[in-house]
1. Which condition breaks for G348 when tested against (1) surrounded by fewer than 17 Cβ atoms within 10 Å (Cβ to Cβ); (2) part of a helix (DSSP H, G or I)?
2. Out of the residues in segment 90-113 meeting the condition of being assigned to a helix (DSSP H, G or I) and aliphatic (A, V, I, L, M), tell me which one is surrounded by the most Cβ atoms within 10 Å (Cβ to Cβ).
3. So for segment 338-348 (the condition being over 12 Å from A398 (Cβ atoms), of a type outside the set (A, V, I, L, M) and over 27 Å from the mean Cα position of the chain (by Cα)), does at least one residue qualify?
4. Any residue in segment 386-407 that's touching a residue at least 12 places away in the same chain (Cβ under 8 Å): show its pairings with residues that are among the small types (G, A, S) and part of a helix (DSSP H, G or I) at Cβ separation under 6 Å, as long as the two are six or more apart or on different chains.
5. Consider V375 carefully, then state whether it is in contact with a strand residue (DSSP E or B) (Cβ under 6 Å, 6 or more places away or on another chain), in the same structural domain as R399 (by TED's automatic domain parsing) and in a helix (DSSP H, G or I).
6. When you go through P140, P211, P155, P177 one by one, which is the residue that is buried (at least 17 other Cβ atoms within 10 Å of the Cβ) and outside any helix (DSSP H, G or I)?
7. Filter segment 143-152 down to the residues that are free of Cβ contacts under 8 Å to residues at least 60 places away in the same chain and part of a strand (DSSP E or B) and list them by number.
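The values are calculated or read from the model by the stated rules, or taken from the named source; none is laboratory data. Nothing here was measured: the structure is a model prediction, and the numbers come from that model. Here the Cβ is made from the backbone with ideal geometry for all residues, glycine too, and neighbour counts use every protein chain on show.
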Amino acid sequence: MTSFAELLRLHRHAARLTLEQLAAASGVSARTLSDMERGRSTGPQHRTVTALADALALDGNARKQLGELAREGRLRDHGTRSSGLCELPRSVDDFTGRAAELAWTNRVVQANASLITGPAGLGKTTLAVRAAHALRPDFPDGVFFLDLYGMSAQPISAGDALAQLLRAFGGADRFAPQDVAARASLYRSLLQDRRVLIVLDNAGSEEQLRPLLTDGGNSRVLATSRRLLAGLEGVHRLSLGPLPPAEAVVLLTGILGERGPSESGPAIVELAKLCGGLPLALRIVGNRLVSRPGWTAADLAARLSNEERRLDQLRAGDLKIANAFGVSYEQLREVGRRVFRRLSSVPGKDFDASIAAVVGDTSLEEAWEVLDELVDLGLLQEGPSGRYHFHDLVRLFARDRLQDEPAAGLDEITDSVSSWPLRMATTAGRRLVPADGLPDRSFLDEAAR
């Protein structure tokens, strides 16, 4: 029986067209046509077959036969596809709020690549999965999901990720070259004639994610990352923040729904406040209450009110808020870890680079670099005028990491922070303030010593 590849080649030769001429006439790339004629792509989509039939001026039985062979190829590809490979996870039933963010995800169909960034515990994956389920009708050729494990000790390499996706597309990894660039080229060529959505969760770097992005066509990528990945160009971005208080209460109430209407009122509001708007913390609190019918929301709120024990209480089974923060902490250089944990001892709501230099026992230039790294990982939030601050739960985690400091070092940190204003005033008194009224960096470095 004649195969799709053989029939396509016969019709092209009969029309006296080269691959390049057929590509120009049909809008299907020459690389994709070559894959079809060599049997690498045996089941092109219906719209692709229609474009080829039009370009080859096929009608009647010839057009019908080409379409039927393509359909049979698609069925064979579906049969050889690994069950469950790169399948989209289910969406949580009690998803709440994020109306503006969901509106943003509706524009994913318009951009080649979209990226959701934010600190640990904010629900980036949950939002991406929710959006992907809602967008399924726009991607008739499939929605795929791949966790890149970007924050783990062994993230998936770009080459391995490409191999997994090619396999999910229907066994195309059998023809995948070893070279990552060539493998990425094959990946993009296959996507040219498909309309698929690829959700890439937990990307760790630009180098890991860039080869997985689409290059035009109708397929789209939706990625998540704790890092900002500022080196990626032409990406549709969303920076995710904590839930507003009202939405946090609604989410927690929804999780507790099966406990009945008794779990409402001030205790729920207090619990939501203690969770700082982090969906992961809210889910942990809700799961603990649901799994312990004898507890009340007021009981758990009382436990969480103790700052020294709050992180220990924010755990349910294998869910633990401190573990989520710990993954980001492990990504830091040693100087970054030192500055991060020591900043938790600084009084007040925020601080600047000069304070970071003092507590971290480092130069002002190094302090700026460390602060940028902490912001990039979502361990600090950047405010106006060069000021930085912790999320309340992240500060508690940083304070807990002070156990990594030697005992004598804790006293030195306290002394450095408490004496900082006096040293600043003394240093300023020794030097004339420049005409613009702003101290230069050498002044700040001298004060930090």
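1. So the condition that G348 fails would be (2).
2. Per the criteria, the residue is V108.
3. Yes; the residues of segment 338-348 include at least one that is over 12 Å from A398 (Cβ atoms), of a type outside the set (A, V, I, L, M) and over 27 Å from the mean Cα position of the chain (by Cα).
4. The qualifying pairs are F397/A322.
5. yes
6. The conditions single out P155.
7. First pass over segment 143-152, keeping only residues free of Cβ contacts under 8 Å to residues at least 60 places away in the same chain: 143-145, 147, 149.
Correct list: V143, F144, F145, D147.
Every residue, every condition in (1) touching a Cys at 6+ places or on another chain (Cβ under 8 Å); (2) of a type outside the set (K, R); (3) farther than 21 Å from A322 by Cα, yes or no:
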position	(1), (2), (3)
S219	no, yes, yes
G265	no, yes, yes
I268	no, yes, yes
G277	no, yes, no
L280	no, yes, no
R283	no, no, no
